[in-house]
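Student: I'd like to ask some things about the structure below.
The numbers here are math on the coordinates, done by the rules we state, and not lab data. Being a predicted model, the structure only gives us computed values, none of them experimental. So basically every Cβ, Gly included, is an ideal-geometry build from the backbone, and we count neighbours across all protein chains shown.
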């Protein structure tokens, strides 16, 4: 009997190799090759058979509004774009213990007890039924009409869901524990994850129920398994949050039925995750306005304006190479802001240790936070607080100019709602302003430095090119 041919497949990109190696040649990942047995009957092509003709349709035949299934949890419905769409597939990822299983169990309970009373099912491949019941009792949803099952075989799960009375919303926790008996590889490998997800998504599209897949993440914070898994599903949600903070952020990075980069804010308590309808007030609850090195940034996450506090600390460095520590922001943009402050504004700040933190465990990615970070750095450097009740936002260019950003009115309205009376922002055209908020436009970064009693800036050094000997 011929021996089954094996191959080594990268668990990060899915590339196949004939032999084991320490590093994948396709993606460059280390120690990511796992041996898998190849299929004996590999498809050779379409052959001479005649395929079935497709029945094409027009755009006019599509429904104007997709039907939605509201869960009753406003923050979850916001992230998904207004509720769950029948026949869709969602992928939820996050660090271990961040609260993925908790929030999904609460969502299923809300769906079962809501006005629609949808049939919901929770299939776990990691926990027993008693463990799930104990969590439900702790969350106060033990009496919710949610069907439970502990299984890892895709064949058994598909046979249970392929029925007329099948659940309308199904949670699979997690996709890395599921396996197809037609594949010889172990659960969690690229082949198993891709094959199991494909079967579940195909069945969900065919039967019209919504399937929610829970995905493990790697140490880099990416969802484990092949990258193609995120392309197969309709929506990808990441559950973020620092273990030292009680805040949890559910962020949409892909959504075919709604806006991307939308967030939902939850607070972790003894009774589970509680939605936070006004995250700006929660992030600024511990703020003290008379402390140097702190600036309030008026940001926008998806369609929601959010106010967060940016904190900076500038301290003399005892080392030859100053230290840079950043939490919640991009370290490369911090290096750019420091270079602009020194080269364009004359502040000798680069020889100090710089610590930057976004309060509340929030992570900011938009360039509009440049001006708020610069205000916090200058305030910490000169030991003077930012003007009281002031929000700051704007993008900074390499020449020091302050560039306009989008959705200024939404940022200012959120600031006015929380009691802020002034704003430092870039000049913009066609802006009407908000009642009660005094606007101060900054065209260059040096105008921000002039608001503080900073040391007199030195003259900008001229870059000279060494003369070439002839």
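Student: Provide the gained length on full extension for the span residue 287 to residue 388, in nm with one decimal, where the gain is 0.36 nm per separating residue minus the Cα-Cα distance.
Tutor: Full-extension gain reported as 35.2 nm.
Student: Follow-up question, since we're still on this one. Mind giving me the FRET efficiency for residue 339 and residue 50? R0 is 60 Å, r the Cβ-Cβ distance, nearest 0.05 is fine.
Tutor: E(calc), rounded to 0.05, equals 0.40.
Student: Tell me, Kirkwood radius of region 281-449 from alpha-carbon pair distances, in Å?
Tutor: With all distinct Cα pairs of region 281-449 included, I get 15.8 Å.
Student: Give me the Å³ per residue figure for the convex hull around the C-alpha atoms of region 68-277.
Tutor: Taking the convex hull of the Cα positions in region 68-277, it is 113 Å³ per residue.
Student: Relative contact order for region 394-434 using alpha-carbon pairs under 8 Å, separation at least 6, rounded to a whole percent?
Tutor: 43 percent
Student: Cα atoms only: what Rg and Dmax, in Å, come out for region 373-458?
Tutor: Computed over the Cα atoms of region 373-458, radius of gyration and Dmax are 13.1, 40 Å.
Student: If I model a spin label as a point 7 Å beyond the Cα along the Cα-Cβ vector, how far apart are those points for residue 135 and residue 162 in nm?
Tutor: 2.8 nm
Student: Indicate, rounded to the nearest 5 percent, the antiparallel portion of the DSSP beta bridges found entirely in the chain.
Tutor: If I count the DSSP bridges inside the chain, around 50 percent turn out antiparallel.
Student: Tell me, what is the percent relative contact order of the chain, built from C-alpha pairs under 8 Å that lie six or more residues apart?
Tutor: Once divided by the residue count of the chain, the mean separation gives 12 percent.
Student: Separation between the residue 410 and residue 181 pseudo-spin-labels, each 7 Å from Cα along Cα→Cβ, expressed in nm?
Tutor: With each label point 7 Å from Cα toward Cβ, the separation is 5.0 nm.
Student: I would also like to ask the following. Suppose R0 equals 22 Å; then what is the FRET efficiency for residue 450 and residue 429 from their Cβ-Cβ distance, rounded to the nearest 0.05?
Tutor: 0.40
Student: Relative contact order for region 68-277 using alpha-carbon pairs under 8 Å, separation at least 6, rounded to a whole percent?
Tutor: The value is 28 percent.
Student: Can I ask one more? Run lengths n ≥ 4 of DSSP H only: what is the helix-derived mean residue ellipticity at 222 nm for the chain, with -39500 (n - 2.57) per run over all residues, to the nearest 500?
Tutor: For the chain, the value works out to -7000 deg cm²/dmol.
Student: Give me the three principal axis extents of the chain from the C-alpha atoms, as integers in angstrom, largest value leading.
Tutor: 82, 70, 49
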